[in-house]
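Bear in mind that the values in this text are calculations on the coordinates, not laboratory data. Predicted, not measured: the structure shown is a model, and the values here were computed from it. Here the Cβ positions follow ideal geometry from the backbone for every residue, glycine too, while neighbour counts run over all protein chains shown.
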Amino acid sequence: MSARRRFPQGLGRDSLATGVAFVLLLTAIVMPPFNVQRSTYNYLIVFDITQSMNVEDYEIGGLPASRLTFAREAVRRALRELPCGSRIGWGAFAEYRTLLLLAPIEVCGNYNDLLASLDRIDGRMRWGNASEIGKGLFWAMRGARDVGGQPKVVFLTDGQEAPPLDGEGVPMFEDLKGGAIGGWLVGVGGYAPRPIPRTDADGRPMGYWHSDEVVQRETPSSKSAASHEHLSEVREPYLRKLAREVGFEYVHLQNYDSIRDAMLNPRFAGRRPTPTDFAWVAAAAALFVLNSRFWSRLPFVRRAVT
Amino acid sequence: MSINLDFSHPWALLLLPLAALPLLWARSDTLLFSYLPWLPADPAGRIVGWLRSAFAVLAIASIVAGLAGPGRPQTQVARTGRGAEIVVLIDRSRSMDERMLPSNWRTIDPIVRTQQAWNRGPQKSKTARDLLSKFVAQRADDRFALMFFSAGPLPVVNFTQHDDVVLAGITAGGTGPGLSSTDVGRALIAAIAEFDLREYSGSRIVLLVSDGGAQLDPPTRKRIAAGLARNRIALYWLYLRSINSPSLDSQDPQSDAVAEIAMHHFFQSLSTPYHAYQAAEPKDLAQAVADVGRQQNLPLDYLERIPRRDYDRLCFGLGAFSCVMLLSFGAVQLRGWS
């Protein structure tokens, strides 16, 4: 038997394919994960927990839902869509302060804990009844600066200052620079003024705030509209002005997607190396090469060849 | 433990029909022969041919299976270890921003010392943050929950074994100045309530980290005492003393006028375990944290998480082995008559 008989020409192509597949598979097995620069996000999300956030001008599943509940639900849904490696932290705003609750942590590994934490952010945490949003936003920016990791801020509020601001509002704290932190100011609430439910410290409802129980805006002339600080709607012009001042973007929370689209905005993405396994590429190539041996056996391919 | 398997990219299994390709009749493998019955019986050849198809199927199927990302999902196994369930209750009031005594405080003139309360020595909140972080990191078997308090309780982290979350909470607690009001009573009641509806699975602690006390009214005292007894909780008070604040172990009968001492006496009167750690210097606080660690090491049932194990490399290995077998069978196949 000659050597030529034992290794006839027909063997060449098939064995070559099998050999290549074998090498590709070995590559897939030993291949270490590579670091790939991927878009991730890093946000400190601050919820306004003052009483006007209890106004129920949203709906979840056909039932009325308060601004805070809806904002939380929107953020919960957005969390699912953030790429792994993104970091999220929580803060709450009341009185004139933003208090950090949780420093930003990785989303995928701590998903359940993040949600459990989010569920507990509500009006019962409130440490004061005032609502000085400008200052609260500045404190949120300080928090983002001091907490490390340079998160962007997402500040969810209806924009109702209590007591109301007269004139220009509070100047930004001197240690902050407009545009240095960046983030979103999210306007929460409908456009129609609604009465504000009143709750006690434990969150039990106590009717509504009346017009003589809150500080009203000074109305200089009879021409300007009467002040209605006991009613609440999203104060968009004020929030837009505030956002411009601190170098934030403004968006109105219309539906769940508003916040998701805002948070996934590429402008706010950071790039961080993420170990990524590419073994599948080599294995898929092996599969392709191996199959090229057998393609011709498919009935329709066979007919085409002959 | 049952073997359960899942796929991280199950859609890749749609490629599985490809594995049937090698079973189809292949014209290229056939040889012309005039009369089949003249061929000698070739049982070995039949077996080899059969095995060859089998390995080809196996090679393709295992690569497809590997691409689908098979693995044993993350599971939890109940174990009994030593540790505790700890609610860390951190004071977020303004006074926590004050400084602790510098380590050489005994040598400093008392008047100067008072002036230095705001600018010398480490901030109490920062010291507490550093030490608590170490404490959490050291005690891997414990389950922690985290709650801040000011006018009311601010629950931050539910009971978890994920240290990262607890540490992130502690970090947040040390960022930015504190709030103006403090209500220890409400906070304690809320911390005790964290254990309501939880199965009793080991020692339970409320670790109060605060620099001040409050005069608790009788109803509050009653609720705290009843709650601690009902949920079988030990109370530990990490009392961060600063300049000018009273020592807890004063024997003076008048001392109950001081809120801290009154609260300390009330805690001592409890039927449940209580221990106070006074920390005036960072080093005392370290001692106190270590002490808590030593004291509470009773058996605790906990769930150990076993991370996901991927089997894709195993599948690719099987595919590679099949390729080797295919190569060796290919070498003995008769391809032509000449």
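Taking a cut-off of 32 Å, what percent of all Cα-Cα pairs in chain A are separated by more than that? Working shown, then result.
Details: 20267 of 46665 pairs.
Cα-Cα pairs of chain A separated by over 32 Å account for 43 percent.
Count, for each residue of B:312-319, the Cβ atoms from other chains sitting within 10 Å of its Cβ, then give me the mean as a whole number.
Taking all residues of B:312-319 together, the mean is 6.
Within 10 Å of each Cβ in A:94-100, how many Cβ atoms from other chains are there, averaged over the peptide?
That works out to 5 on average.
Could you tell me how many degrees, from 0 to 90 and to the nearest 10, lie between the Cα long axis of helix A:279-292 and the main elongation axis, the longest principal axis, of the Cα atoms of chain A?
Between the helix axis and the principal axis of chain A, the angle is about 40 degrees.
How far apart, in nm, are two points set 7 Å out from the Cα along the Cα-to-Cβ line at residue B:290 and at residue A:63?
Label at residue B:290, label at residue A:63, 5.3 nm between them.
Could you pull out every residue, at least 5 positions away or on a different chain, whose amide H is within less than 5 Å of the one on residue A:153? Hs are placed 1.01 Å off N in the peptide plane, and Pro or chain starts have none.
A:44, A:183, A:184
Which of the residue pairs A:135/A:177; A:135/B:124; A:177/B:126; A:152/B:126; A:152/A:177; A:152/B:134 have a Cα-Cα distance greater than 18 Å in the structure shown?
The answer is A:135/B:124; A:177/B:126; A:152/B:126; A:152/B:134.
What 222 nm value per residue comes from the helices of chain A, counting each DSSP H run with n ≥ 4 as -39,500 (n - 2.57) and dividing by all residues, nearest 500 deg cm²/dmol? All intermediate terms of the calculation are to be shown ahead of the outcome.
On the way: 9 runs with 104 residues, N = 306.
Value at 222 nm, helices only, nearest 500: -10500 deg cm²/dmol.
Please give the contour-minus-distance gain from residue B:314 to residue B:8: 0.36 nm per residue of separation, less the Cα-Cα distance, rounded to one decimal in nm. List each step's numbers first, then the result.
Values: separation 306, 0.36 × 306 = 110.16 nm, distance 1.51 nm.
Residue separation times 0.36 nm, minus the Cα-Cα distance, leaves 108.6 nm.
Expected output is a single nm value to one decimal: the length gained when fully extending between residue A:295 and residue A:256, i.e. 0.36 nm times separation in residues minus the C-alpha distance. What is it? Intermediate values should be presented prior to the final figure.
Working: separation 39, 0.36 × 39 = 14.04 nm, distance 4.77 nm.
That pair, residue A:295 and residue A:256, stretches by 9.3 nm at full extension.
What do you get for the angle between helix A:236-246 and the principal long axis of chain A? Use alpha-carbon atoms, 0 to 90 degrees, nearest ten.
Once rounded, the angle reads 70 degrees.
Around residue A:141, what is the net charge, scoring Lys/Arg as +1 and Asp/Glu as -1 over all other residues with Cβ under 13 Å from its Cβ?
+2
If you take all C-alpha pairs in the protein assembly as shown, what percent of them are over 35 Å apart?
57 percent
Only sites in a loop by DSSP and with at most 14 other Cβ atoms within 10 Å count here; which trypsin sites (Lys or Arg not before Pro) in segment B:170-233 make the cut?
Passing sites in segment B:170-233 are B:198, B:232.
What's the magnitude of the charge dipole for the protein assembly as shown around its Cα centre, counting Lys and Arg as +1 and Asp and Glu as -1 at the beta-carbon? Answer in Debye, nearest 20.
3400 debye
Calculate the spin-label point distance for residue A:30 paired with residue B:250, positioning each point 7 Å from the Cα along the beta-carbon direction, and give it in nanometres.
7.5 nm
Are there cysteines in the protein assembly as shown with no other Cys C-beta under 4.7 Å, and if so, which?
B:315, B:323
Can you list residues from other chains, or at least 5 along the same chain, whose modelled amide H is less than 5 Å from the amide H of residue A:131?
Hits under the 5 Å cutoff: A:162.
To check you understand DSSP bridge types, tell me what percent of the beta bridges within the protein assembly as shown (both residues inside) are antiparallel, rounded to 5.
45 percent
Just to check I understand the Karplus step: with θ = phi - 60° and J = 6.51 cos²θ - 1.76 cosθ + 1.60, what whole-Hz values come out for segment A:50-63, glycine and proline as x?
Here the 3J(HN,Hα) series is 6, 5, 5, 6, 8, 4, 9, 10, 10, 10, 10, x, x, 9 Hz.
Take chain A, connect every pair of alpha-carbon atoms lying under 10 Å apart with a spring to form a Gaussian network, then pick out the residue of A:113, A:202, A:14 with the largest mean-square fluctuation.
A:14
Calculate, for residue A:81 and residue B:268, the FRET efficiency according to 1/(1 + (r/R0)^6) with r their C-beta to C-beta distance and R0 60 Å; round to the nearest 0.05.
Details: r = 53 Å, r/R0 = 0.88.
Calculated transfer efficiency: 0.70.
Among A:68, B:187, B:58, pick out the residue whose Cα is farthest towards the positive end of the charge dipole of the protein assembly as shown, where Lys and Arg carry +1 and Asp and Glu carry -1 on C-beta, about the Cα centre.
The one lying farthest along the dipole's positive direction is B:58.
Report the charge-dipole magnitude of chain A in Debye, nearest 20, computed about the Cα centre from +1 at each Lys and Arg Cβ and -1 at each Asp and Glu Cβ. Working shown, then result.
Values: 37 positive and 33 negative charges, 578 e Å.
Using Cβ point charges on Lys, Arg, Asp and Glu, chain A gives about 2780 debye.
Which angle from 0 to 90°, rounded to the nearest 10, does the C-alpha axis of helix A:67-81 make with the longest principal axis of chain A?
Compared with the principal axis, the helix lies near 20 degrees.
Near the amide H of residue A:252, under 5 Å away, which other amide H atoms are found, from residues 5 or more places off or on another chain, if H is placed in the peptide plane?
HN-HN under 5 Å from residue A:252: A:187.
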